[in-house]
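*Asks:* I'd like to ask you about the structure that follows.
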Amino acid sequence: MLAPQRDVPVAIGVSGAIATCCYLLPVLAILSAAPPGRVTGVGGFMDAARLVFGIYGDGREPVLTFVAVLFVVALLTQGSAWMIVADRMQAMAAADGRFFSRGLGAFHPRLGTPVRMNLLSGVTATVFMAAAMNLAKGDASAVFGVVLSVAIATLLLSYLAVIPSLLALRLRHREVPRPYQVPFGTRGFTVATLLVYAWIVLGSWVALFPGTLEQLFGLPYGFRAVWGVSRLTFEAFTLGTVVLLLAIAVAGYLTQRMRTRRRDYEREAGPAR
């Protein structure tokens, strides 16, 4: 990267095009190879792969196993990318005095990574995984699906607050110079923000309440067949996780705010006599 103002938008455009192809091309390949009558019965990517790889006969299972390994690696790297971004933002919030203790905002002097927040995220993820394995009654694939849905839901829900904040900053502080600008100025930025926000709302609803839109449009949706658990178990774990995370966030903010107010009060009161 030599000129960020020029190179970053190009990188975003190229990566977006690559990601689009990575999603659409496999779907087109599956639709072109799967029998038309079987497409409606596909419940997920691995189900579709199992259906398409039937053309290999006895060699289907080894190929399917290889694809499953690649799928797990893809989820691992994607989850790691989410964790990198989330940990850095939480560490910055802690360092600015907005989340529990400033000590959580420590960065490694050589690597520049938020070490303490990385460790805290690892412990938190382990606790939630253990809770999922014990609370979500079902096999390993059902537990994995529920945990993955919770992870996606929490990421999307964070954007429900982030995206309106971007638009508010743009409208309230128009005088601030911005190196990256959306075409057509503030109007273009507003349209782009509303479009993205609509997709985020839709994705959040589907992640938290799967199957409800299908019922609204009269489409069949077997919840237990898709998730391996009942809707009550799924919603209890998902919504319970969201409520718990919100409670932790509020507690972290209020804790640091009370500390700040106490320090300000002691500073104004002066030394005790």
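*Asks:* By its C-alpha gyration tensor, with a ≥ b ≥ c as the square roots of the eigenvalues, how is the range 114-197 shaped: rounded for a/c under 1.5, else prolate for a/b larger than b/c, else oblate? Don't skip to the answer; put the middle values down first.
*Replies:* Numbers: a/c = 4.36, a/b = 2.31, b/c = 1.89.
Prolate, because a/c is 1.5 or more and a/b exceeds b/c.
*Asks:* Something else about it: What's log10 of I(q)/I(0) for the chain at q = 0.11, 0.13 Å⁻¹, Debye sum over Cα points only, no solvent?
*Replies:* -0.90, -1.21
*Asks:* With angles folded into 0 to 90 degrees, how steeply does helix 140-172 sit against the dominant principal axis of the chain? Use alpha carbons for both and round to 10.
*Replies:* 50
*Asks:* Just to be sure I follow: if Rg is taken over the C-alpha atoms of the range 232-273 and Rh is the Kirkwood radius over the same atoms, what is Rg/Rh? Display every interim value, and only then the final one.
*Replies:* Numbers: Rg = 18.2 Å, Rh = 12.8 Å.
Looking at the range 232-273, the ratio lands at 1.43.
*Asks:* Dimensions of the range 1-88 along principal axes (Cα, Å, largest first)?
*Replies:* Here the Cα extents, ordered largest to smallest, are 52, 26, 22 Å.
*Asks:* Angle check, please: helix 185-208 long axis (alpha carbons) against the longest principal axis of the chain (alpha carbons), in degrees 0 to 90, nearest 10.
*Replies:* Between the helix axis and the principal axis of the chain, the angle is about 60 degrees.
*Asks:* Once you list every other residue whose beta carbon is under 13 Å from the beta carbon of M92, what net charge do they have if Lys and Arg are +1 and Asp and Glu are -1?
*Replies:* Working: positive: R88, R98, R102, R116; negative: D87, D96.
With Lys, Arg at +1 and Asp, Glu at -1, the neighbours total +2.
*Asks:* Under the Karplus relation 6.51 cos²θ - 1.76 cosθ + 1.60, θ = phi - 60°, what is the ordered set of whole-Hz ³J(HN,Hα) values for the range 16-31, x standing for Gly and Pro?
*Replies:* In residue order, the calculated couplings are x, 5, 5, 4, 4, 5, 5, 8, 7, 4, x, 5, 5, 5, 5, 5 Hz.
*Asks:* Considering only protein heavy atoms, what is the solvent-accessible area of D47 at a probe of 1.4 Å, reported in Å² to the nearest 10?
*Replies:* Looks like 70 Å² after rounding.
*Asks:* At a threshold of 8 angstrom on Cα-Cα distance, excluding pairs fewer than six apart, so keeping six or more, what relative contact order does the chain reach in percent?
*Replies:* Values: 166 pairs, mean separation 48.3, N = 273.
For the chain, the relative contact order is 18 percent.
*Asks:* Let me ask something else. If I take R0 = 22 Å and measure r between the Cβ atoms of R224 and A131 in this structure, what FRET efficiency does the formula 1/(1 + (r/R0)^6) give, to the nearest 0.05? It would help to have the intermediate numbers written out before the result.
*Replies:* Values: r = 21 Å, r/R0 = 0.94.
For R224 and A131, the calculated efficiency is 0.60.
*Asks:* With n ≥ 4 as the cut-off for DSSP H runs, can you work out [θ] at 222 nm for the chain, using -39500 (n - 2.57) per run divided by the number of residues, rounded to the nearest 500? Write out the running numbers ahead of the final one.
*Replies:* Working: 9 runs with 201 residues, N = 273.
Roughly -25500 deg cm²/dmol at 222 nm, from the helical runs in the chain.
*Asks:* Still on this structure: If you line up the Cα atoms of the range 1-156 on their principal axes, what length do they span on each, largest first, in Å?
*Replies:* 58, 49, 25 Å, listed from the longest principal axis down.
*Asks:* Roughly how compact is the range 154-273, stated as its Cα Rg over 2.2 N^0.38 Å to two decimals? Could you put the intermediate results ahead of the total?
*Replies:* Values: Rg = 21.9 Å, N = 120, 2.2 N^0.38 = 13.6 Å.
Output field value: 1.61.
The values are calculated or read from the model by the stated rules, or taken from the named source; none is laboratory data. Model, not experiment: these values are computed from the prediction. For neighbour counting, all protein chains shown are included, and Cβ atoms are generated from backbone atoms with ideal geometry for every residue, glycine included. These accessible areas exclude ligands, DNA and RNA; they are computed on the full protein's heavy atoms, side chains included. Shrake-Rupley method; radii C 1.70, N 1.55, O 1.52, S 1.80 Å.
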